[in-house]
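> Sharing a structure, written as structure tokens. Questions coming.
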Amino acid sequence: MSAAASLRDTLRVPQGPVSIAGFDSGAKPFGGAAPDHDAHELAALQERLWAEATVGGSRRILVVLQGMDTAGKGGVVSHAIGLLGPIGVEYTAFKKPTQEELEHDFLWRIRRRVPGPGMIGVFDRSHYEDVLIVRVHDLVPEAEWEARYDAINAFEQELVDGGTTLLKVFLHVSYDVQRERLLRRLDQPDKHWKFDVADIDERGRWDDYQSAYDALLERCNTDAAPWYVVPADHKKYRNWAVAELLRETLVELDPRHPHPPLDVEALRARLAPPH
């Protein structure tokens, strides 16, 4: 894919007012010719990023995955992030905050999981839950969650200034496709373990969640840390698109292997078999 036909440019959320309803969850930009990714290319790019850090490099990538239930965060982790080798990847699935976490600022637990130099970190849900579920369920006063948008922007700018590239992805699934996926889980006894009755309750708040996503995609969509909307109604396309966004990000970073000053010939001589 050429620089003139960048998937990042296509899926990036434009700055200004945002309405999720204006994005097609069933679209497949560039999807007609979307091949399977070359896992060797992604692994090689990842290795170079990791190698840079061994000689003092500070660059790292943080992939933030957000989406409604059944949007496919787990599938993306398996089929897109899974193309990378396990060394150099840190995965965090943020659950309901613990009592200890609630005793701190909402970003406290997030900071503890920020990837180190050379790493690719993946957040399955993230700090954005604190302007999503908290807002929809009215868990804290409005003035408190309102202030969090600016706090998130400042936090993400801090990360970028420290060498982190953020890849923030909203997996956009439609109301009808979510229903189909929930029903499919009920149709398959071996998938019942994945079914949470609370998902149906949350589905009843669909419009509230859409409004909350509209707000965060508008207010936390900065030049330093933009948002990308990935159509998620088609699983194969969704997985390909996230892998492609990651590939484009790595290619742009263009990490390089370090070249330590080794006396190769002398080292070869030491490894020569005894006479």
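The values are calculated or read from the model by the stated rules, or taken from the named source; none is laboratory data. Keep in mind it's a predicted model, so treat the numbers as computed, not measured. Cβ placement follows ideal geometry from the backbone for every residue including glycine, while neighbour counts extend to all protein chains displayed. Note: accessible area is taken over every heavy atom of the protein model, side chains too, but ligands, DNA and RNA are not part of it. Shrake-Rupley method; radii C 1.70, N 1.55, O 1.52, S 1.80 Å.
> Could you please let me know if Pro226 is touching a Ser or Thr at 6+ places or on another chain (Cβ under 7 Å) and open to solvent by less than 80 Å² (accessible area, probe 1.4 Å)? Break it down into steps so the answer makes sense when it comes.
Details: touching a Ser or Thr at 6+ places or on another chain (Cβ under 7 Å): no; open to solvent by less than 80 Å² (accessible area, probe 1.4 Å): yes.
No: the conditions fail for Pro226.
> Consider Ala21 against the criteria (1) under 23 Å from Gly116 (Cα atoms); (2) open to solvent by 40 Å² or more (accessible area, probe 1.4 Å); (3) among the hydrophobic types (A, V, I, L, M, F, W, C): it satisfies all of them except one. Which criterion is unmet?
Of everything listed in (1) under 23 Å from Gly116 (Cα atoms); (2) open to solvent by 40 Å² or more (accessible area, probe 1.4 Å); (3) among the hydrophobic types (A, V, I, L, M, F, W, C), Ala21 misses just condition (1).
> Would you check if there is a residue in the range 200-221 being farther than 26 Å from Glu52 by Cβ, among the hydrophobic types (A, V, I, L, M, F, W, C), at pLDDT below 95 and open to solvent by 40 Å² or more (accessible area, probe 1.4 Å)? Please lay out each step first, then the result.
Quick first cut of the range 200-221, residues farther than 26 Å from Glu52 by Cβ only: 200-221.
Narrowing further to those that are among the hydrophobic types (A, V, I, L, M, F, W, C): 200, 206, 212, 215-217, 220.
Next, only the ones that are at pLDDT below 95 stay: 200.
Add one more test, that the residue is open to solvent by 40 Å² or more (accessible area, probe 1.4 Å), and what stays is 200.
Among the residues of the range 200-221, at least one is farther than 26 Å from Glu52 by Cβ, among the hydrophobic types (A, V, I, L, M, F, W, C), at pLDDT below 95 and open to solvent by 40 Å² or more (accessible area, probe 1.4 Å), which makes the answer yes.
> Need the failing condition index for Asp254 against (1) on the phi < 0 side of the Ramachandran plot; (2) open to solvent by 20 Å² or more (accessible area, probe 1.4 Å), just the number.
Status for Asp254: all satisfied but (1).
> Where residues in the range 35-82 are more than 14 Å from Phe123 (Cβ to Cβ) and of a type in the set (Val, Ile, Thr), which of them is least open to solvent (accessible area, probe 1.4 Å)?
Thr70
> Considering only the range 197-216, I want to know if a residue exists there that is touching a helix residue (DSSP H, G or I) at 6+ places or on another chain (Cβ under 9 Å), assigned to a helix (DSSP H, G or I), within 30 Å of Gly88 (Cα to Cα) and free of Cβ contacts under 8 Å to residues at least 40 places away in the same chain.
There is no residue in the range 197-216 that is touching a helix residue (DSSP H, G or I) at 6+ places or on another chain (Cβ under 9 Å), assigned to a helix (DSSP H, G or I), within 30 Å of Gly88 (Cα to Cα) and free of Cβ contacts under 8 Å to residues at least 40 places away in the same chain.
> Among the residues of the range 85-109 satisfying the criterion of being of a type outside the set (Asp, Glu) and under 14 Å from the mean Cα position of the chain (by Cα), which is farthest from Ser126 (Cα to Cα)?
Looking at the filtered set, the residue picked out is Val89.
> What do you reckon, is Leu84 closer than 14 Å to Leu49 by Cβ and either modelled with pLDDT under 95 or among the aliphatic types (A, V, I, L, M) (or both)?
Yes, satisfied.
> Here's another thing I want to ask about it. What pairs can you find where one residue is in the range 74-89 and farther than 15 Å from Lys236 by Cβ, the other is open to solvent by 20 Å² or more (accessible area, probe 1.4 Å) and β-branched (Val, Ile, Thr), and their Cβ atoms are less than 7 Å apart, with a gap of 6+ or different chains?
Ile81/Val89
> Related question: Kindly check whether there is at least one residue in the range 132-139 that is among the acidic types (Asp, Glu), out of contact with any helix residue (DSSP H, G or I) (no Cβ under 8 Å at 6 or more places or on another chain), closer than 21 Å to Asp207 by Cα and in a loop (DSSP other than H, G, I, E, B).
yes
> For the range 1-113, which fully contained helices (runs of 4 or more DSSP H) count at least 3 residues that are not charged (D, E, K, R)? Talk me through it step by step, then tell me what you get.
On the way: elements: 7-11, 39-53, 73-79, 99-102, 108-111.
The helices (runs of 4 or more DSSP H) meeting that bar are 7-11, 39-53, 73-79.
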